[in-house]
Amino acid sequence: MLRKVQVAELAVGMYVVDTGLSWLEYPYLYSREGVIENGGALREIVEAGYEEAFIDTEKGSFGSARAALDSRLTASLGTAAAASDDAAKASTSESPAAPGKPGEQMPLAQSLAEAKTLYQDCLAIAHDVLREVRNGGEVNVAASEILIDDVITSAVHNRDAMVALAKLRVHDAYTFTHGVNVAVLAVAFGAALGISRQGLKQLGLAGLFHDLGKTGVPDAILNKPGPLSPQEFERIRDHPAHGCRLLAGRGLPDAVLRGVGEHHERCDGSGYPQGLAGEAIHPFGRVLGVADVFDALTSRRSYKDAMLPTRALGVLYGMRGRDFPAQLVERFIKFLGPYPVGSFVRLASGEYGFVRRGNPGRPLFPELVLVLDVSGRPCAPRPLDLGGWQEGGPGIAQALDPDVFGLDPLDFLMQPGPEDALR
Ligand SMILES: [Fe+2]
């Protein structure tokens with residue numbers, strides 16, 4: 001279990017984790033992976049001015065420090081999802097007209113093909129918007145609004161496909177994909193929370209534009225290989241406010257501007273640029289913050305590999321109550337499930353496959369397409385629905401990175417599945 005702690009809470013024997021969070025945006029996060037060996041190492045961390053770190057409570061030797069840790073640390077990710085189950089149900093039942101209730105879902109292969117086209121259109125818009133802003137031009141709000149409308153429709157009816165696609169692209173530039181991914185994730189998650197269609201439109205626009213203000217940060221700072229000076233970090237801290245300035249006066253609702261301006265604010269007041277805390281942070285700022293961190297963690301960058309979704313959810317779980325409201329994080333975990341569509345997993349039986357459909361009622365038992373046999377050799381893709389498998393019996397043993405096996409999820413998920421044969 002990962003947990004975010006203040007540096008003052010660190011103790012000798014604790015195991016620090018490198019979460020992969022960007023040091024540009026989290027310069028005070030100590031992230032050299034490994035056990036804190038002695039008091040000298042601990043003093044160095046404190047004296048270097050770090051403020052926070054992630055620890056893995058299942059590694060290292062905690063000694064007396066471990067006893068002081070919250071007993072909730074032993075809760076598993078699955079427990080978190082289960083704990084939020086009632087809350088999530090309550091949320092949707094409170095909103096009978098919520099667009100988050102998916103209608104009949106179309107077959108994955110078909111919906112992935114449609115979602116892929118829409119995703120490419122979104123990327124093109126994100127590309128144009130950033131280029132225009134960099135050249136001192138106008139933000140094309142109208143074109144973005146039309147696309148976000150399509151994203152909402154797709155996220156409601158092809159939720160799995162849109163969310164999967166946001167995670168399946170591999171080679172596109174992060175600058176463009178990140179805004180689109182955050183918009184898609186936020187809209188799909190917002191729909192599950194019961195936010196109205198009008199609200200989703202504003203949330204999606206805020207997601208698309210959330211990092212627009214980074215166009216005001218010189219490349220020399222964004223690409224600086226070493227630590228930032230306080231003045232340079234101030235430029236980074238200004239990017240949410242700068243984004244608001246770029247978007248102001250264009251008739252956008254206040255909620256869009258607040259979502260953009262407050263996506264780095266944190267529950268405990270440690271965020272920026274205003275240091276807002278708790279309820280003072282706009283709900284869109286909180287939702288975008290969660291989607292932003294999840295996409296950043298699960299994206300491959302020049303300086304780090306992509307983190308598996310399951311582990312990224314563990315990092316977010318470690319941030320609950322401090323960075324983001326605990327209930328919001330738990331709902332996000334519940335929303336994505338422990339094995340989001342596109343996850344590559346090994347079964348206890350030794351076979352390997354991709355998750356092609358979630359199972360909201362029993363999230364640990366999704367529907368798979370098996371692609372490797374027990375020896376790790378390619379086999380004819382074969383559907384396998386774990387939905388009928390026994391609780392407590394053998395199931396998914398582990399989530400893995402398909403890249404390591406040279407496999408691309410889209411090669412398998414875009415093949416017609418069993419539901420296509422029934423149509
Ligand atoms: Fe940002």
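The values are calculated or read from the model by the stated rules, or taken from the named source; none is laboratory data. No experiment lies behind these values; they were computed from the predicted model shown. FYI the Cβ positions are ideal-geometry reconstructions off the backbone, even for glycines, and counts take in every protein chain you see. To get the accessible areas, we keep the full protein, side chains included, count just its heavy atoms, and leave off ligands, DNA and RNA. Shrake-Rupley method; radii C 1.70, N 1.55, O 1.52, S 1.80 Å.
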Sole miss for Leu112 among (1) under 19 Å from Gly207 (Cβ atoms); (2) surrounded by 22 or more Cβ atoms within 10 Å (Cβ to Cβ) is condition (1)
Enumeration of residues in region 339-364 that are without any contact (Cβ under 8 Å) to a residue 24 or more places away in the chain and touching a Ser or Thr at 6+ places or on another chain (Cβ under 8 Å): Val355
Just one listed residue, out of Arg362, Arg331, Arg356, is open to solvent by less than 70 Å² (accessible area, probe 1.4 Å), in a loop (DSSP other than H, G, I, E, B) and of a type in the set (D, E, K, R), and it is Arg362
Scan region 17-25 and tell me whether some residue there is at pLDDT 60 or above, open to solvent by 40 Å² or more (accessible area, probe 1.4 Å) and touching a strand residue (DSSP E or B) at 6+ places or on another chain (Cβ under 6 Å). no
Would you pick out the residues in region 268-308 that are assigned to a loop (DSSP other than H, G, I, E, B), in contact with a strand residue (DSSP E or B) (Cβ under 6 Å, 6 or more places away or on another chain) and closer than 20 Å to Leu203 by Cα? none
When region 193-210 is examined, which residues are found to be within 16 Å of the ligand (Cβ to nearest atom) and surrounded by fewer than 22 Cβ atoms within 10 Å (Cβ to Cβ)? none
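Yes/no per residue for (1) touching a helix residue (DSSP H, G or I) at 6+ places or on another chain (Cβ under 7 Å); (2) over 19 Å from Leu21 (Cβ atoms):
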| position | (1), (2) |
| --- | --- |
| Leu316 | yes, no |
| Glu330 | yes, yes |
| Leu336 | yes, no |
| Pro340 | yes, yes |
| Leu368 | yes, yes |
| Cys379 | no, yes |
| Gly388 | no, yes |
Subset tally (residues that are more than 11 Å from the ligand (Cβ to nearest atom) and surrounded by 16 or more Cβ atoms within 10 Å (Cβ to Cβ)) for region 212-221: 3
Within region 318-333, is there a residue that is among the polar types (S, T, N, Q) and either within 16 Å of the ligand (Cβ to nearest atom) or within 14 Å of the chain's Cα centre (by Cα) (or both)? no
